[in-house]
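Sharing a structure here in C-alpha cells format.
The values are calculated or read from the model by the stated rules, or taken from the named source; none is laboratory data. Keep in mind it's a predicted model, so treat the numbers as computed, not measured. As a convention, Cβ positions derive from the backbone with ideal geometry for all residues, glycine included, and neighbour counts pool all protein chains shown. When the accessible area is computed, the model is the full protein with side chains, heavy atoms only, and any ligands, DNA or RNA have been set aside. Shrake-Rupley method; radii C 1.70, N 1.55, O 1.52, S 1.80 Å.
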Amino acid sequence: MSNLEVSIGNITFKNPIWVASGTFGYGTEAPDLIDVNKLGAIVTKSITREPREGNPPPRIVETPSGMINSIGLANIGVKKYIKEMLPIYEDLSTKIIMNIAGTDIDEYIEILELMENQSSSITGYEINISCPNVNKGGMEFGIDCDMTAKLTEELRSRTDRLIIMKLSPNVSDIVSIGKASQDSGADAVSAINTVVGMSINANTGKSNIFTTYGGLSGPAIKPIGLAAVNKLYKDLSIPIIGMGGIVSSTDVAEYILAGSTSVQVGTANFRNPGTGEDLIDMIDTYVADSNWKSLVEMIGKVEIHN
Amino acid sequence: MLIERAHIISNTEVAHNIWEMFLDAPGIISEYKGSGQFINILVEDSWNHPLRRPMSIASAKDGKVSIIYKIFGDVTRILSKKKSGNDIEVLGPLGNTFTNWNNNYYPILVGGGVGLPPILNLKSECELSKIDHTIIIGAQNSNEHFIAHDPKNDIILTTDDGSSGESGTVMNPIDRIIKEKNRPYIFACGPEPMLVAIRDYSLKNNIPTQLSVESYMGCGVGLCQGCVISKNNTDKKENSYHEQYSLVCIDGPVYESKDIQFE
C-alpha cells in the first residue's frame, strides 16, 4: 500500500477518503456494504440542538449526472447523538467528524459545548454554514465574512479539536469566506456544499422538490468544486477538504491536484455505500502506478497553462 | 442486503409498454424474505443517471428474481433495451414484507398499474400455501392488462374505460368480495389515488389493510433520508428515528393503512 496518510491540524488520517455529511447517515446504516473502519473519516449527518423531522416530500429528484435534495436537516438532535451515537463511535477505528448546523451562533456554541463536556473520541467538527435547504439555515453565516469570522472565533475558543468550516459555492467570493475562517482559527475548510438548483416536471407543471429549491450534487457539480478548491488553495495556507461529484479515483486525483488534502465522497454513497472503501484501493493503485512518491506530494500540483 | 451483478435471463414486453425481466440473482434470493421486498437497480454504469431505481420483486424462486416495469422515461427505456445475457447491478433485497396473509384471513389482493408486481408475488405465496384468495387488477384500459379476466378462478380485472373485465375502478369488486367473505384482509399496491381510496375505505369499514407504497428514493438503505411518508402511529417501532415521518425504504414499503397518511 502506498503512503496515503494526510495531516490536518495535528491529526493524521490514514487516508484522504472521507464520506460526506448527509450522505452516510450516522455511519452505522449499511454495515453489510462497507467496512467503515477503512475510511479516512466519517463526517456524520448535520446535528442541530433539537431533533428535526426535516422537510415534507418530495425531497429528492435525479437530474442530469446529479440529483437535487432538500432533506431539511432531518436529525436526531445533539442529546440523542451524545447518548446513542457516541458509544458506538468508541468502538470504531475510523475518525469521526461531527457536522454541526444551527440557526444562530448560540445554537452552534451550545451544541459544541455539550459535546466538549463529554469524554468522546470525536476527532473534530465540521461546521455547516452553508446548507441551502432550511429557512434561516446557516446560509447567512456562509455568505457573510464577518459572521463566519465571529462564529469560527467563538467555536475556536471552546475546543482544541479540529474545526473545519464547510463552505457554500452559492456566494460571489468563496475565497473571502475561506480566509475569514482561516484567520479566525479554523484548522481547515471543506468545499463545496451543494449548489442551489431547481427541477421542474413539464408534464405536470410542478416543481419536483417540495421546497422548490434544493441542493444539486453529483458529477454535475464536479467542475464547480474543482474551481472552488483551486481558488481556495491559491489563497489559503490551511488544508482544504474537497468534494463535489467524486465517484472515481481519477476524480480523487483531480481534487488532490487542484489543492485538496482530503476529499469527501457524497452522492456516490447513495448509489453504492461501499464507494469510499473501493476508492481507497483505487487511489492506492493510482499513486503506485504514477510518478508521484506519495499522495501528499500531489496536493495542488495541477499544471496551469500560463 | 448485498450488491450483485445479475445476469439477465429474459426481458420481454408483456403488454403495451409493460415489460417483464427475469434475473439470475442467487445472492438476492439467499437473503429474500417475502413479497413486498424490492431491489434497487443500477440501469447503466455511466453516471448520466446517478441513482438506482427501486423495483418491487414480482417473483423469487429457483435463484431467479423477476421485475415488471412500465416505460415512463429515459431510464425505463434504457432498461427495456437490455438483452438476455447482459448483466445488471442490483442492490437488495430491501424493505419489509406483507404479513398476516397466512393467518386465517381471506386475502383480497389488489394491484393497480405498475403496483401489480408485489401483488402477483403475494398471489404466488398464497397459492403455494394453498390459501384461498381473490386478486383484483386495475388498469386504464385493456392494453395494459397481461392477465386474463377469470372471475370463476377469483381473478378480476377492471378497466377505467370498460375495455376489459369490469368497468370502473377496483373499489366496486373490493366492496363486493368483502361482503361475501369471512375475515377479509386487503393487500394493495398501485398508484397513489387508488391507495388513498382503499385506505379511506378500509378505515371507514374497519377492514385490516396493508398498502405497499411507492416513493422517490435516493439510496434505498436509509442513508439519504429522501423517501418519507407521513405516519399516523408515532408509537410503532421503526428502523428510522422520525416521529412525523417514516422512511419507505427501511420502515416500509408495506404499511398498515391506519399507520400512514397521504399528503
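For region B:106-261, give the percent of accessible area contributed by carbon and sulfur heavy atoms, probe 1.4 Å, rounded to a whole number.
Carbon and sulfur atoms account for 46 percent of the accessible area of region B:106-261.
Would you work out which of B:169, A:23, B:72 lies farthest towards the positive end of the dipole of the protein assembly as shown, given +1 charges on the beta-carbon of Lys and Arg and -1 on that of Asp and Glu, about the Cα centre?
The one lying farthest along the dipole's positive direction is B:169.
While we're here: Which value, in Å², gives the accessible area per residue of the protein assembly as shown when a 1.4 Å probe is used on the protein heavy atoms?
I get 40 Å² per residue for the protein assembly as shown.
For residue B:204, give me every one of the aspartates and glutamates with a C-alpha distance below 15 angstrom, ignoring sequence neighbours fewer than eight places off in its own chain.
B:175, B:256, B:259
Ignoring ligands, DNA and RNA, how much accessible area is buried between chains A and B, both sides summed, with a 1.4 Å probe, to the nearest 100 Å²?
In total, this chain pair buries about 2900 Å².
Accessible area drop of at least 30 Å² (1.4 Å probe, protein heavy atoms): which residues of region B:38-63 qualify, relative to the chain alone?
B:47, B:48, B:50, B:51, B:52
Next question, about the same structure. Would you kindly find the accessible area of residue A:76, with a 1.4 Å probe and non-protein molecules such as ligands, DNA and RNA excluded, rounding to the nearest 10 Å²?
10 Å²
What number comes out for the charge environment of residue A:68, summing +1 per Lys or Arg and -1 per Asp or Glu over other residues with Cβ under 10 Å away?
0
Still on this structure, I have one more. In region B:220-259, what residues drop by 20 Å² or more of accessible area when the other protein chains are put back, versus the chain on its own? Use 1.4 Å, and skip ligands and nucleic acids.
B:221, B:223, B:224, B:225, B:226, B:228, B:241, B:242, B:244, B:245
How many angstrom lie between the C-alpha centres of region B:90-158 and region B:209-253?
Region B:90-158 and region B:209-253 have Cα centres separated by 23 Å.
Enumerate the residues in region A:198-226 having an amide nitrogen under 12 Å from the point lying 7 Å beyond the Cα of residue A:306 toward its Cβ.
none
Let me ask something additional. Quantify, in whole percent, the carbon and sulfur part of the accessible surface of chain A (1.4 Å probe; protein heavy atoms only).
So the carbon and sulfur contribution to the accessible surface is 49 percent.
Rounded to the nearest 500 deg cm²/dmol, what is the calculated helix-only ellipticity per residue at 222 nm for the protein assembly as shown, with -39500 (n - 2.57) per DSSP H run of length n ≥ 4?
Taking each H run of at least 4 residues, the total per residue is -7000 deg cm²/dmol.
With Cβ to Cβ distances under 11 Å as the rule, what net charge do the other residues near residue B:22 carry (K, R +1; D, E -1)?
Charge balance in the 11 Å sphere: -1.
Related question: For the ranges A:243-249, A:208-214, what's the packing order if you count other beta-carbon atoms within 10 Å of each residue, average per peptide, and put the highest first?
Taking the mean over residues of other Cβ atoms within 10 Å, the ranking is A:243-249, A:208-214.
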